[in-house]
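**Student:** Please see the structure below; I have some questions.
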Amino acid sequence: MFVSLQFKLELRKEDREKLIQLMRKQSSAIRVAYNMLKELEKEKAKNPHAQIYHRLRQLFPELPTKYIDSAIYKAKQYPTDKPVVFGGKRLFEKLCKNHLTGKLRETLKKRWRELRQGILVSIGSKSDKGNRLLRFEDLNGQLHLRITTGNREFIYAKVLREPSNSKDKWITFMAMLLESWQTKNYFPYTVELKLRDGEVYGNVSF
């Protein structure tokens with residue numbers, strides 16, 4: 001079974017700024033990884049993942065290693081046989097038009113930057129209590145997402161999500177989380193965060 005669910009995060013102002021900086025770094029790493037993938041495919045290089053990983057570690061030494069692996073994973077989701085415009089081709093084309101000015105142009109530019117720079121993804125792992133870097137935890141009876149920002153540095157964001165109906169898979173996910181916390185028998189789930197209209201939204205897949 002593969003399920004993907006959406007949610008929203010609530011953060012303190014200072015934590016939100018830390019998260020946005022982290023998103024920018026990994027988004028840059030994703031773009032570098034994608035460009036390297038294209039070049040290494042042309043060269044028919046052996047073990048491209050290792051080469052890309054080594055290069056990203058050099059360029060982004062402050063990023064936890066799991067974010068590096070996850071950046072490569074995300075880069076592999078884009079097609080390499082045709083041009084990719086990070087931030088969206090349509091938005092980019094609109095921004096290139098000279099007649100756009102003022103508030104409309106600034107709105108489009110902000111949206112393009114969010115799409116281009118506002119991504120943070122972490123691949124799940126059973127051995128890491130479900131997810132090492134973006135992990136759901138219970139704090140005082142409320143669901144939070146623990147976000148790793150550095151070496152043993154974390155911020156916590158409140159998860160805003162309620163089941164829409166009795167068949168909502170979120171109920172299943174919460175039951176699985178609760179059982180894993182109680183039994184210590186964890187399951188992997190992948191989390192991807194995105195910036196949209198100044199708010200942080202998430203997607204969990206398991």
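**Student:** Would you report the distance distribution of C-alpha pairs in the stretch 1-154 as whole percents per 10 angstrom bin, up to the bin with the largest distance?
**Tutor:** That works out to 9, 32, 34, 20, 5, 0, in percent per bin.
**Student:** Shifting gears a bit: Per DSSP H run of at least 4 residues, take -39500 (n - 2.57); add these up for the chain, divide by its residues and hand me the 222 nm value, nearest 500 deg cm²/dmol.
**Tutor:** On the way: 6 runs with 92 residues, N = 206.
Rounded to the nearest 500, it is -14500 deg cm²/dmol.
**Student:** I've got another one for you. Would you mind calculating the gained length between GLU199 and THR65 on full extension (0.36 nm times residue separation, minus the Cα-Cα distance), in nm to one decimal? Walk me through the numbers before you get to the answer.
**Tutor:** On the way: separation 134, 0.36 × 134 = 48.24 nm, distance 2.61 nm.
Going from the current span to full extension adds 45.6 nm.
**Student:** Modelling each spin label as a point 7 Å along the Cα-to-Cβ direction, I'd like the LYS38/LEU143 distance in nm, to one decimal.
**Tutor:** 3.8
**Student:** Among rounded, prolate and oblate, which fits the stretch 38-89 when a ≥ b ≥ c are the square roots of the eigenvalues of its C-alpha gyration tensor, a/c under 1.5 means rounded, and a/b larger than b/c means prolate?
**Tutor:** Here the stretch 38-89 falls in the oblate category.
**Student:** Put +1 on the Cβ of every Lys and Arg and -1 on every Asp and Glu Cβ in the chain; which of LEU134, GLY88, LEU19 then has its Cα farthest towards the positive end of the dipole?
**Tutor:** Result: GLY88, furthest along the dipole toward the positive end.
**Student:** Can you flag which of LYS8/LYS74; LYS76/LYS194; LYS25/LYS109; LYS76/LYS158 are past 27 Å Cα-Cα?
**Tutor:** On the way: LYS8/LYS74 21 Å; LYS76/LYS194 18 Å; LYS25/LYS109 19 Å; LYS76/LYS158 30 Å.
Checking Cα-Cα distances, LYS76/LYS158 exceed 27 Å.
**Student:** For LEU19, what is the net charge nearby, where nearby means another residue's Cβ is under 14 Å from its Cβ and Lys, Arg count +1, Asp, Glu -1? Display every interim value, and only then the final one.
**Tutor:** On the way: positive: LYS8, ARG12, LYS13, ARG16, LYS18, ARG24, LYS25, ARG146, LYS158, LYS194, ARG196; negative: GLU10, GLU14, ASP15, GLU17, GLU114, GLU153, GLU192, GLU199.
Local net charge: +3.
**Student:** Averaged over all directions, how much area does the convex hull of the C-alpha atoms of the stretch 77-206 cover when projected, in nm²?
**Tutor:** Hull-based average projected area comes out at 11.5 nm².
**Student:** Under 13 Å between alpha carbons, and skipping anything fewer than 8 positions from LYS13 in its own chain: which aspartates and glutamates qualify?
**Tutor:** By straight Cα distance, LYS13 reaches GLU199.
**Student:** Treat every Asp and Glu Cβ in the chain as -1 and every Lys and Arg Cβ as +1, leave all other atoms uncharged, and give the resulting dipole magnitude about the Cα centre to the nearest 20 debye. It would help to have the intermediate numbers written out before the result.
**Tutor:** On the way: 42 positive and 23 negative charges, 153 e Å.
Around 740 debye, computed over the chain.
**Student:** As I understand it, the dipole of the stretch 4-205 uses +1 on the Cβ of Lys and Arg and -1 on the Cβ of Asp and Glu, about the Cα centre. Which of ILE123, GLN58, THR172 lies farthest toward its positive end?
**Tutor:** Toward the positive end, the furthest listed residue is GLN58.
Since every read-out is calculated from the coordinates, none of them should be taken as a lab result. Since we're looking at a predicted model, the values are computed, not measured. Positions of Cβ are backbone-derived with ideal geometry, glycine not excepted, and every protein chain shown enters the neighbour counts.
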